[in-house]
């Protein structure tokens with residue numbers, strides 16, 4: 001009796017019907033065949049023992065049909081890098097054991113349903129490079145185990161998702177339509193925050209200094225931002241990359257303490273200050289370190 005099936009080999013267009021008779025399978029991997037086409041087979045709904053299903057990197061089309069919600073044992077679902085369309089089904093809330101949900105890149109539309117908040121074991125959520133829109137649901141704050149959220153390159157708007165829990169380590173929000181003031185949540189484990197090319201406004205909050213483990217802050221092309229870089233950010237001694245290039249409302253200088261981060265001998269800082277269009281790119285090392293605008 002088979003429980004694991006790896007079909008990472010060229011397949012002719014469709015999955016063989018005999019496969020769906022193997023209802024004892026717990027893992028089915030048909031990723032990266034590149035020739036697998038058609039829609040997601042509806043017969044998958046009868047393979048209720050599946051805990052891992054990988055169909056990514058193929059040419060599948062059509063929707064993620066609601067009957068996939070019947071696969072309540074799923075802990076890993078990877079459908080990314082296909083041409084899937086339609087909206088995210090609300091039945092995804094039935095995957096209460098899900099830990100890794102990877103659906104983007106895709107052609108999916110619509111908003112992230114509130115039922116995602118039922119995935120209390122979710123660790124990784126990848127919805128990037130699709131055409132999702134609307135605001136992120138507040139129920140994302142219920143995902144206390146979530147460490148990585150990628151939703152970059154969509155059309156998602158509304159306020160920044162400060163409701164996300166303290167386990168968060170990597171947050172990619174860039175190239176969306178987030179609005180309102182720049183704000184952060186209680187993210188003591190966060191090491192990477194990407195939020196460039198959005199519509200957030202106001203000033204850079206001094207609370208960024210609370211992200212004590214952050215190594216990369218990317219806030220480029222936030223043209224509605226204004227003010228200076230908070231001096232409190234000098235306490236971010238692990239910071240290796242800080243980018244506010246193209247955020248032309250930011251004025252002043254980079255805090256001199258940034259140049260004293262001995263751990264970051266190879267870091268590069270980029271910024272664009274004020275109306276003088278001064279662009280700084282320099283290596284922060286013992287040999288070369290300039291922290292004020294020379295223009």
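The values are calculated or read from the model by the stated rules, or taken from the named source; none is laboratory data. Quantities reported herein were computed from a predicted structural model and do not represent experimental measurements. Don't worry about glycine lacking a Cβ; one is built from the backbone with ideal geometry, like all the others, and counts go over all protein chains shown.
Look through region 32-45, keep the residues that are touching a helix residue (DSSP H, G or I) at 6+ places or on another chain (Cβ under 8 Å) and more than 19 Å from residue 76 (Cβ to Cβ), and return whichever of them is surrounded by the most Cβ atoms within 10 Å (Cβ to Cβ).
Among those residues, the one meeting the criterion is 43.
For region 162-181, state whether one or more residues are in a loop (DSSP other than H, G, I, E, B), touching a strand residue (DSSP E or B) at 6+ places or on another chain (Cβ under 8 Å) and farther than 28 Å from residue 64 by Cβ.
yes
Name the residues in region 144-161 that are farther than 17 Å from residue 128 by Cβ and in contact with a strand residue (DSSP E or B) (Cβ under 8 Å, 6 or more places away or on another chain), would you?
Result: 158, 159.
Kindly indicate which of 92, 122, 101, 107 is assigned to a strand (DSSP E or B), modelled with pLDDT of 95 or more and closer than 27 Å to residue 163 by Cα.
Matching residue, one of 92, 122, 101, 107: 101.
Here is a check on your reading of the model: is residue 48 in contact with a helix residue (DSSP H, G or I) (Cβ under 8 Å, 6 or more places away or on another chain) and either free of Cβ contacts under 8 Å to residues at least 60 places away in the same chain or not in a helix (DSSP H, G or I) (or both)?
Criteria met by residue 48.
Take residue 177 and tell me if it is under 16 Å from residue 247 (Cα atoms), under 13 Å from the mean Cα position of the chain (by Cα) and either loosely packed, with under 15 Cβ neighbours inside 10 Å or modelled with pLDDT of 95 or more (or both).
no
Quick check: is even one residue across region 193-207 crowded, with 16+ Cβ neighbours inside 10 Å, without any contact (Cβ under 8 Å) to a residue 60 or more places away in the chain and assigned to a strand (DSSP E or B)?
Checked region 193-207: at least one residue is crowded, with 16+ Cβ neighbours inside 10 Å, without any contact (Cβ under 8 Å) to a residue 60 or more places away in the chain and assigned to a strand (DSSP E or B).
Report, by residue number, each residue of region 133-150 that is free of Cβ contacts under 8 Å to residues at least 40 places away in the same chain, buried (at least 16 other Cβ atoms within 10 Å of the Cβ) and either in a helix (DSSP H, G or I) or under 13 Å from the mean Cα position of the chain (by Cα) (or both).
Matches in region 133-150: 136, 139, 140, 141, 142, 146, 148, 149.
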